[in-house]
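Read the structure below first, then the notes.
The values are calculated or read from the model by the stated rules, or taken from the named source; none is laboratory data. As the structure is a prediction and not an experimental result, all values here were calculated from the model. Using ideal geometry, Cβ is built from the backbone for each residue, glycine included, and neighbour counts are taken over all protein chains shown.
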Amino acid sequence: MKKAILVLAVLLGTVTNVEASTTSIHATPTSSVVGDKVTFTATFTSSCPGTLTTHYFTIDGKVYNGTVTQSGQAGSETLSTSALAAGTHSVYYYWKVNGTICRGTASMTFTVALQPSPSPSPSPIPSPSPTPSISSVTLVASKPSDPPLLGYLGGALIVLVLGAGVALMVLARRTS
């Protein structure tokens, strides 16, 4: 009986080592902050024909089902979330083809940063007032300059001469 168990164990070990399944996982974007949408994508290729019967993601130990697509023995599954808290998260993917030993796993860590706190807006800095445009204007109070004395005297002389001329003419007419 021990030989049968030993043969079975060796046989199972050999079958498991022959398994050529591959699995990988990645995140898009590769880094995020709290509230960002992150999509985890797992890709797999099974060494056994058949449809997946078990497949899921775990994030920090919680199980999540994504959207799986399979074509032949290869496929992928995606899971999107924007509910990751700040910190480093363990992300794990598992799949299995029912009734076979074909299965695969992949894992990764994903870090979510805190939202950067907004920088305080600077206090309003007074903007310089526009420099007034200064035109050089000089106002000088003035009064009309007094006419020269000669002008007055000349004007008066003309008036006197005219007046005397008119008076002589009038007198000359009367006497005639």
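Condition first: in contact with a His (Cβ under 9 Å, 6 or more places away or on another chain), under 16 Å from T22 (Cβ atoms) and polar (S, T, N, Q). Can you find one or more residues in segment 35-47 that meet it? Give the derivation first.
First, pick out the residues of segment 35-47 that are in contact with a His (Cβ under 9 Å, 6 or more places away or on another chain): 40-44.
With under 16 Å from T22 (Cβ atoms) added as a condition, the list becomes 41-44.
Next, only the ones that are polar (S, T, N, Q) stay: 41, 43.
Yes, because at least one residue in segment 35-47 is in contact with a His (Cβ under 9 Å, 6 or more places away or on another chain), under 16 Å from T22 (Cβ atoms) and polar (S, T, N, Q).
Working only within segment 46-72, note down all residues that are in contact with a strand residue (DSSP E or B) (Cβ under 7 Å, 6 or more places away or on another chain) and either farther than 17 Å from Y93 by Cα or touching a residue at least 40 places away in the same chain (Cβ under 8 Å) (or both). Step through it out loud before you land on a result.
First, pick out the residues of segment 46-72 that are in contact with a strand residue (DSSP E or B) (Cβ under 7 Å, 6 or more places away or on another chain): 46, 48, 50-60, 63-70.
S46, C48, G50, T51, L52, T53, T54, H55, listed by residue number.
Looking at segment 18-31, which of its residues are among the hydroxyl-bearing types (S, T, Y), modelled with pLDDT of 95 or more and crowded, with 17+ Cβ neighbours inside 10 Å? Answer for segment 18-31, where residues must be among the hydroxyl-bearing types (S, T, Y), modelled with pLDDT of 95 or more and crowded, with 17+ Cβ neighbours inside 10 Å: just T23. What about T41, is it in contact with a strand residue (DSSP E or B) (Cβ under 8 Å, 6 or more places away or on another chain), surrounded by 12 or more Cβ atoms within 10 Å (Cβ to Cβ) and modelled with pLDDT of 95 or more? Judged against the criteria, T41 is a match.
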